[in-house]
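First up is the structure itself, then whatever we jot down about it.
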Amino acid sequence: MKPLSEQSKRRVNWLNDGLWPWLCAACVALSLLMLAALLTLLATRGLGHFWPATLEEVTLTSGDIVIGQPVRETPLPLNAGMERLYFTGNRDINGANWRWIAVDDISAQTTPNDLIRLERTPWGDFIGRLVAVESDGQRLTGQAAWDYITTALAQPASQQGSSDLLLITADGHALRQPLSNVSHFQAPNAMSWGQKVTAWGQNVWRFLSEGPRAANTGGGVWPAIFGTVLMVILMSVIVTPFGVLAAIYLNEIAHQNRLTHLVRIGVRNLAGVPSIVYGVFGLGVFVYGIGGSIDNWFFSDELPSPTFGTGGLLWASLTLALLTLPVVIVATEEGLARIPDAQREGAVALGATRLEMLTRVVLPMATPAMLTGVILAVARAAGEVAPLMLVGVAKLAPQMPLDGEFPYLHLERKFMHLGYHLFDTAFHGEDVQAAIPLVYATALLLVLIVLVLNLTAIFLRHYLRRQRGNEC
Amino acid sequence: MTSPRLPRVYLPLRQLQDRIATGLITAGGIGVLLAILAIGVFLAWETLPLLALGDTFALSKLSPLAWGTLKAAIAAMLFATPIALGAAIYSALFMSARLRSRLKPALELMEAVPGVVVGFIAGLVLAPWVERHLASTLLLIVWLPFSAILAGALWHLAAARLRRRLPHSWAGLWLIPWLVCMVAVALWLAPWLEHHLLGGDLRRLLDQQYGMDYATRNALIVGIAMGFAVIPSIYALAEDALADIPPTLMEGAQALGASRWQALWKVALPTAGPGIFSAVMIGAGRAVGETMIVLMASGNTALFSASPFEGLRSLSAAIAIELPEASPGGLTYHLLILAALSLFLFTFLVNTLAEVVRQRLRRRYHRLGGRP
């Protein structure tokens, strides 16, 4: 081999020592960048949706007038120039909620303060102008009409009385709208900054506390939040005792031999088995097997319509409990293994039985580890959707699984889930375009829940390690 | 002489409690472990009727799905493996300890992002964007590694003061704005390049010259999205393997005059090789079983095609879509359970292999005198 000259040697060194580490550093930067981009996208689009958007009145070169909320701009497919998508509402009059307008066709563009936006139960949003309010034969216009609507909407629906709004759209189409069908009334262009912030807060609250409307394209996600939380609570009630029991057995009671070693590897590996496989197991064993038998024994008068023989809250929680068992077992075992044997021996030497040693010495020390495991399990379960599609999630559950009717907790009912709600509205909705902002908000909520749970687990583990030292 | 017969001692209550509790724990523990093992037994039991049927034609229905699973997993691994291993190497060997203790939780959070959210972003945001900017996307894939090298070269040429300000051990952080700038440059450059080098639209060119169709949701999108989901798990395991290398090994290599990179390439990688292998295996296991991302980002068309621009349908997605509608006991039902069984067996075997390799590695480190 030819010996390298001093200079080329240095160049090779530069290539070796200077180049690859930068590629590696860029990998870290790229991963962080992707994570940051994802979270920023979710945060801006998810929270931005609730901001009262400015309405524009656009006059086209053809003379038409359109009122709407500008959504986005894209290049025209054939000619040069841009086109803009407007949300125009008024589906009952126009037949569609959306309108594409080429930017070059716009001759004038204003934002008058008297434009209003109504949320109605049938037909979705109305965007246009308010002419007058007719209430019990009385006709109110101007400021009086505004005050009347504001006070009327603040009262519960039963006390509103019968009154009609006289509305007019951009192209002069008159409309009579009963006030009882209106859920929200806004004149976004006339709002001050402070009012917009208040309205934003109210919108966020309505998103969190209301049920979905208009085939999931509007309204809130309260039933989905409720279903997710209830399912996760049931799941942790099931998984915690069993997971801890199995971990104690494996670590404290079973003889440590080849078999326990194999079992431990097996449990660890089950954490890596795809969640859909657990879903298949849940469907085959819980729903068709156990559920079918329960139906035959106890609910035979309702057959062939199944009671427990179809997906439901109980089966979903059981399936997810099985899915998260390995997480709890592994975390608890790690906690148990960290406790020095001297503690156990000390307790036994002082005359404690094994049960007393476990309950008074070992378990209190392992509590943070168990808690970490349960939190991780909850975080995993909250974000898991695939198995739920098989064992009992519904796109729109007619009844909540928890209500005032005996037996209060209805384990056989289907429930709504945030993750599935997201999937369903984004991919199977009627008007995906209208649902997208809500999907962003739902995704943000889901990610926040899961991240907060994970952060709690991380801090707990950190605290645990610091308290105990890294070595024991 | 017989020993004096001891008076029979009645078990005190405490010991009785202890016996009962031990028995209960044993029963509970074994029960839970059996319940977990029942998954495999159930899946195998439910596929037995297929054997009785002996219908090989039915099995051929699964083959495009198996191909789709494989294609999606390969795409994801092609995207994730270099990034995850690069990140692991950098953070184990070059990064400052303070940044490292912050980075690990951040990447753990990345792992926690639910698949359904990643799938939604990939299917409804990324896919239409890539369809409109295909040339930019392909350019980015080439451009980003190049820009990292460019950053390195500029850094070596920069004044010593600047170098101290922006040390290499923090590069993972301060390279982020640099990458953002480079992405912006690439996006600005791409339409121009597309126009002058390729004579217009890349997608039309692909269609006319090579006859390649372009589906909005395709293997490329799945690769990026699932890669995103797999990166953290590969990273975590590979980083552990690299960081646990006994420090004496690296110090010895450097004392003999090896550069940091040579020490990494000749000493660290061969030593930690099994650990890195098991990390990649576990990543592959995750990629094969991931459901929601494939379901939302792949278009769900069962095709036999190797083109990265065409859709696919994976086993897991097929199970999620078709099983709720399949009547229990029917042919489709058993076929889908067979699909689930193959996923189960594959991931279980891959994970076991990875675990065994990892434990060997730990013993090797122990022998070499590192941390246990």
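The values are calculated or read from the model by the stated rules, or taken from the named source; none is laboratory data. For clarity, every value in this text was computed on a predicted model and none was experimentally measured. As a convention, Cβ positions derive from the backbone with ideal geometry for all residues, glycine included, and neighbour counts pool all protein chains shown.
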Top-ranked residue of segment B:40-51 - restricted to ones that are surrounded by 14 or more Cβ atoms within 10 Å (Cβ to Cβ) and at the interface with another protein chain (Cβ under 10 Å from one of its Cβ atoms), ranked as nearest to the chain's Cα centre (by Cα): B:Gly40
Close pairs (8 angstrom Cβ cut-off, 6 or more residues apart or separate chains): more than 7 Å from chain A (Cβ to nearest Cβ) in segment B:23-39, assigned to a helix (DSSP H, G or I) and among the β-branched types (Val, Ile, Thr) anywhere: B:Ala38/A:Val285
Elements of type helices (runs of 4 or more DSSP H) contained in segment A:326-432, each with 2 or more residues being aliphatic (A, V, I, L, M), under 34 Å from the mean Cα position of the chain (by Cα) and under 25 Å from A:Thr240 (Cα atoms): A:363-383, A:386-391
Qualifying position, being touching a residue at least 40 places away in the same chain (Cβ under 8 Å) and either within 11 Å of chain B (Cβ to nearest Cβ) or not acidic (Asp, Glu) (or both), among A:Val385, A:Val439, A:Val452, A:Val374: A:Val374
Selection status of A:Ile233, within 32 Å of the chain's Cα centre (by Cα), in a helix (DSSP H, G or I) and surrounded by fewer than 16 Cβ atoms within 10 Å (Cβ to Cβ): yes
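Residues checked against (1) of a type in the set (Val, Ile, Thr); (2) within 7 Å of chain B (Cβ to nearest Cβ); (3) over 16 Å from B:Leu338 (Cα atoms):
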site	(1), (2), (3)
A:Val244	yes, no, yes
A:Ile248	yes, yes, yes
A:Asn257	no, no, yes
A:Arg264	no, no, yes
A:Val273	yes, yes, no
A:Val280	yes, yes, no
A:Gly284	no, yes, no
Residue tally, condition in contact with a Leu (Cβ under 7 Å, 6 or more places away or on another chain) and either farther than 30 Å from A:Leu262 by Cα or modelled with pLDDT under 85 (or both), over segment B:36-74: 11
Members of segment A:173-185 found to be over 14 Å from A:Val133 (Cβ atoms) and in contact with a helix residue (DSSP H, G or I) (Cβ under 7 Å, 6 or more places away or on another chain), listed by number: A:His173
Pairs where the first residue, in segment A:122-138, is assigned to a loop (DSSP other than H, G, I, E, B) and the second is charged (D, E, K, R) and surrounded by fewer than 17 Cβ atoms within 10 Å (Cβ to Cβ), C-beta under 7 Å, 6+ apart: A:Trp123/A:Asp92
Any hit, segment B:328-340, residues being within 10 Å of chain A (Cβ to nearest Cβ) and within 18 Å of the chain's Cα centre (by Cα): no
Sole residue being surrounded by fewer than 13 Cβ atoms within 10 Å (Cβ to Cβ), within 15 Å of A:Arg91 (Cα to Cα) and either in the same structural domain as A:Ala397 (by TED's automatic domain parsing) or aliphatic (A, V, I, L, M) (or both), chosen from A:Ala170, A:Ala174: A:Ala174
Helices (runs of 4 or more DSSP H) fully within segment B:165-267 counting 3 or more residues that are farther than 17 Å from B:Ile141 by Cβ and in contact with a Gly (Cβ under 6 Å, 6 or more places away or on another chain): B:219-243
Test result for B:Gly283, in a helix (DSSP H, G or I), more than 14 Å from chain A (Cβ to nearest Cβ) and over 19 Å from B:Ala215 (Cα atoms): no
Segment B:146-160 - residue that is hydrophobic (A, V, I, L, M, F, W, C) and within 12 Å of B:Leu179 (Cβ to Cβ) and, of those, nearest to the other protein chains (Cβ to nearest Cβ): B:Ala148
In segment A:286-304, the residues that are more than 14 Å from every other protein chain (Cβ to nearest Cβ) and in contact (Cβ under 8 Å) with a residue 12 or more places away in the chain: A:Ile294
Residue satisfying all of: in segment B:87-114; more than 7 Å from chain A (Cβ to nearest Cβ) and closer than 30 Å to B:Ser298 by Cβ; surrounded by the most Cβ atoms within 10 Å (Cβ to Cβ) among these: B:Ala88
So B:Leu264, is it buried (at least 18 other Cβ atoms within 10 Å of the Cβ), at pLDDT below 85 and either within 23 Å of B:Ala354 (Cβ to Cβ) or touching a Lys or Arg at 6+ places or on another chain (Cβ under 8 Å) (or both): yes
Selection within segment B:301-337 - farther than 30 Å from B:Leu134 by Cα and surrounded by fewer than 19 Cβ atoms within 10 Å (Cβ to Cβ): B:Glu322, B:Pro324, B:Glu325, B:Ala326, B:Ser327, B:Pro328, B:Gly329, B:Gly330, B:Leu331, B:Thr332
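Results for (1) in a helix (DSSP H, G or I); (2) without any contact (Cβ under 8 Å) to a residue 24 or more places away in the chain; (3) small (Gly, Ala, Ser), shown as yes or no for each residue.
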| site | (1), (2), (3) |
| --- | --- |
| A:Ile149 | yes, no, no |
| A:Asp164 | no, no, no |
| A:Gly172 | no, yes, yes |
| A:Ser180 | yes, yes, yes |
| A:Val197 | yes, yes, no |
| A:Arg206 | yes, yes, no |
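Residue by residue, here is whether (1) touching a Pro at 6+ places or on another chain (Cβ under 6 Å); (2) farther than 30 Å from A:Leu444 by Cβ holds:
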{"residue": "A:Gly219", "(1), (2)": "yes, no"}
{"residue": "A:Ile225", "(1), (2)": "no, no"}
{"residue": "A:Met231", "(1), (2)": "no, no"}
{"residue": "A:Ile248", "(1), (2)": "no, yes"}
{"residue": "A:Asn251", "(1), (2)": "no, yes"}
{"residue": "A:Ala254", "(1), (2)": "no, yes"}
{"residue": "A:Thr260", "(1), (2)": "no, yes"}
{"residue": "A:Gly266", "(1), (2)": "no, yes"}
{"residue": "A:Leu270", "(1), (2)": "yes, yes"}
Considering residues of segment A:395-445 that are among the hydrophobic types (A, V, I, L, M, F, W, C) and in contact with a Pro (Cβ under 6 Å, 6 or more places away or on another chain) only, the residue nearest to A:Ala37 (Cα to Cα): A:Met416
Test set (1) more than 14 Å from chain B (Cβ to nearest Cβ); (2) part of a helix (DSSP H, G or I); (3) out of contact with any Leu (no Cβ under 9 Å at 6 or more places or on another chain); (4) not hydrophobic (A, V, I, L, M, F, W, C) - A:Thr307 fails condition number: (2)
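Conditions tested, residue by residue: (1) among the hydrophobic types (A, V, I, L, M, F, W, C); (2) in contact (Cβ under 8 Å) with a residue 40 or more places away in the chain; (3) within 13 Å of another protein chain (Cβ to nearest Cβ).
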position: B:Ala225; (1), (2), (3): yes, yes, yes
position: B:Ser233; (1), (2), (3): no, yes, yes
position: B:Asp240; (1), (2), (3): no, no, no
position: B:Gln254; (1), (2), (3): no, no, yes
Selection count where residues are surrounded by fewer than 16 Cβ atoms within 10 Å (Cβ to Cβ), in a helix (DSSP H, G or I) and more than 24 Å from the chain's Cα centre (by Cα), scope segment B:139-164: 11
